[in-house]
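Let me begin by presenting the structure, written as structure tokens, before commenting on it.
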Amino acid sequence: TLVTAGVYLLIRFNMLLIDMFFYKLLLLLSGLTMFMAGISANYEFDLKKIIALSTLSQLGLMMSILSMGLPELAFFHLLTHAMFKALLFMCAGVIIHMMNDNQDIRYMGGISLYIPMTSLCMNISNLALCGIPFLAGFYSKDLILEMVSMSNLNMLIFFLYYFSTGLTMFYTIRLLMYLMINDYNLFSLYNLYDEDYVMLKSMFLLLFMSLITGSFLMWMIFNYPYMIYLSFNMKMMVIYVSLMGLFMGYLISNMKIYSLNKFLMTYNL
């Protein structure tokens, strides 16, 4: 999408900008962008806004890895992110359209019973966004975080990276709990159908891409493998953070602390 045009511009001009003080500033700002977008997405109830904020978080990731002087890695993440985020936006569009143009996720729920194929695409693209191993997002995200672990940066940048990765898992689980686990909350008369074949065909293509394109691009565009030498716990840090985010997201979603929609109060009458 057009949001990544600035990232692409900086990837193309990275030879001009290398070893400038601007890059150190950019590293800090983009790390804070990731952090802020991840936190904001956890407090949103608008489906499109959650996905847009997660895109903002990924853009911060691309910019920060670019400002560490690894442009091909940033480009790799841009391409893999394009696959599953396009799928995610298409699923969100289908869901919003079926929900009678309503974007509030507190109105939705139980979608997996009524529109299984769309929910499948939504879940797989969400999990690829989280960096579940061997999906598309894992290859780029894991490589990026391992290069961060290799570099001699301070604790702040390290914390921002890993905490933002955990937050990604967090709002994904939150979205899954709201959309798939809840009961259907909109009207007593609903018309959910999974038969928009134009959308389904293109979504199936993108689903295929967001499964294979990570390893495929990794074979294609890196002419030499990165030598990454880390201890076991550092190597597993991404998995730890993801599991932590999953656990926390599940717990917080089960605590029923979300602000209840006022429309749902009419069920008590």
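The values are calculated or read from the model by the stated rules, or taken from the named source; none is laboratory data. Bear in mind the structure is a predicted one, so any value in this text is a computation, not a measurement. No Cβ is skipped: glycine too gets one built from the backbone with ideal geometry, and neighbour counts run over all protein chains shown. For accessibility, only protein heavy atoms count, side chains too; no ligands or nucleic acids. Shrake-Rupley method; radii C 1.70, N 1.55, O 1.52, S 1.80 Å.
Only the Cβ atoms of Lys and Arg (+1) and of Asp and Glu (-1) were treated as charged; on that basis the dipole of the chain about its Cα centre amounts to roughly 320 debye. Placing pseudo-labels 7 Å out from each Cα toward the beta carbon at residue 100 and residue 243 gives an inter-label distance of 4.4 nm. Dividing the C-alpha radius of gyration of segment 2-266 by 2.2 N^0.38 Å, with N its residue count, gives 1.03. In the full protein context, segment 2-266 carries 50 Å² of accessible surface per residue, based on a 1.4 Å probe and ignoring ligands, DNA and RNA. Here the calculated FRET efficiency for residue 252 and residue 12, from their Cβ-Cβ distance with R0 = 41 Å, stands at 0.50, rounded to the nearest 0.05.
Note on the chain: with neighbouring protein chains present and a 1.4 Å probe, carbon and sulfur make up 71 percent of its accessible heavy-atom surface. Accessible area of residue 18 (1.4 Å probe, protein heavy atoms only, ligands and nucleic acids ignored): about 70 Å².
Each residue of segment 208-222 was assigned a 3J(HN,Hα) from its phi angle through the Karplus expression (A = 6.51, B = -1.76, C = 1.60, θ = phi - 60°), giving 4, 5, 6, 7, 9, 6, x, 5, 4, 5, 5, 5, 7, 9, 9 Hz with x at Gly and Pro.
Here the Karplus relation 6.51 cos²θ - 1.76 cosθ + 1.60, evaluated at θ = phi - 60°, turns the backbone of segment 232-245 into coupling constants of 4, 5, 5, 5, 8, 4, 4, 5, 4, 5, 5, 5, 5, x Hz, with x for every Gly and Pro. Here the gap between residue 191 and residue 205, fully extended at 0.36 nm per residue and compared with their Cα-Cα distance, gives a gain of 2.5 nm.
Across segment 5-16, coupling constants 3J(HN,Hα) worked out from phi with the 6.51/-1.76/1.60 Karplus curve, θ = phi - 60°, read 4, x, 4, 5, 4, 5, 5, 5, 9, 5, 5, 5 Hz, and Gly and Pro carry x.
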